[in-house]
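The values are calculated or read from the model by the stated rules, or taken from the named source; none is laboratory data. Quick caveat: nothing in here was measured; it's all calculated off a predicted structure. Backbone-built Cβ (ideal geometry, glycine too); neighbour counts: all protein chains shown.
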Amino acid sequence: MTPSSDNLPHPVFKIPSEMLAKIFIAYLRLNGIHAKSFLSLLKLVCREWCEIVMETPELWTDIDLEMRLSRSQRLALRKYPNARLNITLPIGVKRVLMPARHLQHLDLIERAHTLNLAVPSEPFDQILLDVPILGLAELNIFVPQLSARTFHFQNIVDFIRSRSPVLHQLSPNLSSLSLELWNDGNYIVPNDYRMIDLLRAIASLPLLAELKFVNNFNKETTETLVFEDHGILFPKLSILEFENVDSSSLQLFFQATSLPKLQRLRLPSITAWPLEEPANAWQYDWEDIHDFTRDYEGNLTVLEIQFKETEHVLKLRAEDFSSAPTIEVSRFFSPSTEVHADLRPYQRIPPKLLRSYTLDGMTSIDIIPHENITSLSIISHNRERLKVKSFPEPEYFVPLLEKLSNLMNIGIYGMDTRPLLQVLLEDLDLCPVLEVLSLKNSLVDFEMLYLLQPLRPTIREISTEGCQSKSEKPEV
């Protein structure tokens, strides 16, 4: 019989054991491996199976300590002592692991490359705070949904501080941290001062390169904190992400921190479309972080808009990717029911109109330094043989082009470009310094392109890679 594989999360383990045995027996016979008896043949199968499992780390390196380790996992863990383990500590009602179980699994915890840690409602056992996890690179901390929150916040601060090489050498290589704070959707930090304590604890991890906050870290007090602006330095942080975090929390974070190496900033996704005022769909209290983007606005020269199936994505970045972070924000919607209004009866918005609202919203969103933008990319898809998407009507995208007065490069991918080409032909004052027009896997009118370059002598390059003729019909 093959070793137990209950804890090995892989589709192959959905195959019945008897069928697996037959597969391996056929494999052994195909390779000329013979045995005198069926029993000895099964032993060969088991040995072959164990070797395959042990040589496939993704089958046994994800370990949930709440579940019993399978025999295959134990064999593999002994055979490969340097394997990169993804350890999940079980969620207890009050504690994460009782002391006896700490002792039982300390050897595995010490080997963790990734640690998924549930925060208990009672203080951490000191043994967990003191355990050295020298190879730990990624730490994911989350607050269990159904537990009390009396000690949650201090537990988070204590465990992060215990990893700091400034105080200890327990996890000197920690480079990625994710905090999922939960309490009816909004975890409440005791007050602003405690939030600053948390940020200082995180900043004590000198190699930290990735930081993610999931759910709000709201403030219960209304007083305004007085502390040195941008005094908490994250010297190596390059990727910063916020998910379901409100603007007041963002304001506190950006006011308190200094991020000299930031390369990618993902702002909270927007989930509600105001159908009564669709032009304001991208307004999300951006003034709270406008001071942060102002530091880079001279270098933020590329505006990229992606039309995906379930979200529209705005990206701001520098041309060379090094002089400013890439700033990203998404707006989600349902692909099946489109968008529901807050008011009944529910209304449906066609995908083309959603794209129109997004381009219209780019005209007024505060974080875009419109006068500095020199490159605009609008992406529906970048693959061949896919139906192109309809381009918004001029009334929605012309105001954006008017505001992008220094636009030199336009790239359109996977869309019907004829409305854009028509506008560029008719309004020569629009995009007066346009130099490059790149159309890829899109629908074009080559007659329009033939007329465009003589009318616009500033254009030095037009490319139409993978484009279709105007006889094709776009999707909605």
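List of remarks:
- Test: residue in the stretch 402-422 that is assigned to a loop (DSSP other than H, G, I, E, B), of a type in the set (D, E, K, R) and over 30 Å from the mean Cα position of the chain (by Cα): no
- Residues satisfying the stated conditions in the stretch 412-429, i.e. of a type outside the set (K, R) and surrounded by fewer than 19 Cβ atoms within 10 Å (Cβ to Cβ): P419, Q422, V423, L425, E426, D427, L428, D429
- Residue, nearest to the chain's Cα centre (by Cα), within the stretch 166-192, restricted to residues that are closer than 20 Å to L252 by Cα and modelled with pLDDT of 80 or more: S178
- Pairs are defined by a Cβ separation below 6 Å, a sequence spacing of at least 6 or placement on different chains, a first member in the stretch 190-206 that is surrounded by fewer than 18 Cβ atoms within 10 Å (Cβ to Cβ), and a second member that is hydroxyl-bearing (S, T, Y); the pairs so defined are N191/T221; S204/S164.
- Matching residues, the stretch 369-401, being of a type in the set (D, E, K, R) and either buried (at least 17 other Cβ atoms within 10 Å of the Cβ) or assigned to a strand (DSSP E or B) (or both): K389
- Condition check for E371: among the acidic types (D, E), touching a helix residue (DSSP H, G or I) at 6+ places or on another chain (Cβ under 9 Å) and more than 21 Å from F307 (Cα to Cα): yes
- Across the stretch 429-459, the number of residues qualifying as over 19 Å from I373 (Cα atoms), assigned to a loop (DSSP other than H, G, I, E, B) and without any contact (Cβ under 8 Å) to a residue 40 or more places away in the chain comes to 4.
- Residue match in the stretch 355-368 (condition: among the acidic types (D, E), within 26 Å of the chain's Cα centre (by Cα), crowded, with 17+ Cβ neighbours inside 10 Å and at negative phi): yes
- The stretch 316-340 - residue that is polar (S, T, N, Q) and in a strand (DSSP E or B) and, of those, modelled with the highest pLDDT: T326
- Going through (1) touching a Ser or Thr at 6+ places or on another chain (Cβ under 6 Å); (2) modelled with pLDDT of 90 or more one by one, K261 falls short only on (2).
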